[in-house]
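Heads up: the structure comes next, in structure tokens.
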Amino acid sequence: MLTVDDVPIPAPGEGEVRLRVAAIGVNRSETYHRAGFYGPAQLPSPLGFEAAGIVEDVGTGVTAFERGDAVTVLPSVRPLRFGT
């Protein structure tokens, strides 16, 4: 069962951006994650690898994106720190 919790949202670090996510894709790998095949989930959960949204904030050193940019996210590897 999935639940939604309010958690603190940190400021983006160097080279990072924070998105206001409008949509995510959930596929078979997320069902495996939920079933525990990848070990216990850590918060924030990386559930939902694909995403679309608006850049809400940028960290230092970010030059390719700015606040208000519409973006899509499709990482080529499993996110290790944050997900959607």
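The values are calculated or read from the model by the stated rules, or taken from the named source; none is laboratory data. Values in this document were obtained by computation on a predicted structure and should not be read as measured data. Methodologically, a virtual Cβ is constructed for each residue, glycine included, from the backbone with ideal geometry; neighbour enumeration extends over all protein chains shown.
Inspect all residues belonging to segment 70-80 and state whether any of them is at pLDDT 95 or above, surrounded by fewer than 16 Cβ atoms within 10 Å (Cβ to Cβ) and either assigned to a loop (DSSP other than H, G, I, E, B) or touching a helix residue (DSSP H, G or I) at 6+ places or on another chain (Cβ under 8 Å) (or both). No: segment 70-80 contains no residue that is at pLDDT 95 or above, surrounded by fewer than 16 Cβ atoms within 10 Å (Cβ to Cβ) and either assigned to a loop (DSSP other than H, G, I, E, B) or touching a helix residue (DSSP H, G or I) at 6+ places or on another chain (Cβ under 8 Å) (or both). Determine, yes or no, whether Thr60 is assigned to a loop (DSSP other than H, G, I, E, B) and modelled with pLDDT of 75 or more. Here the answer is yes, as Thr60 does meet what is asked.
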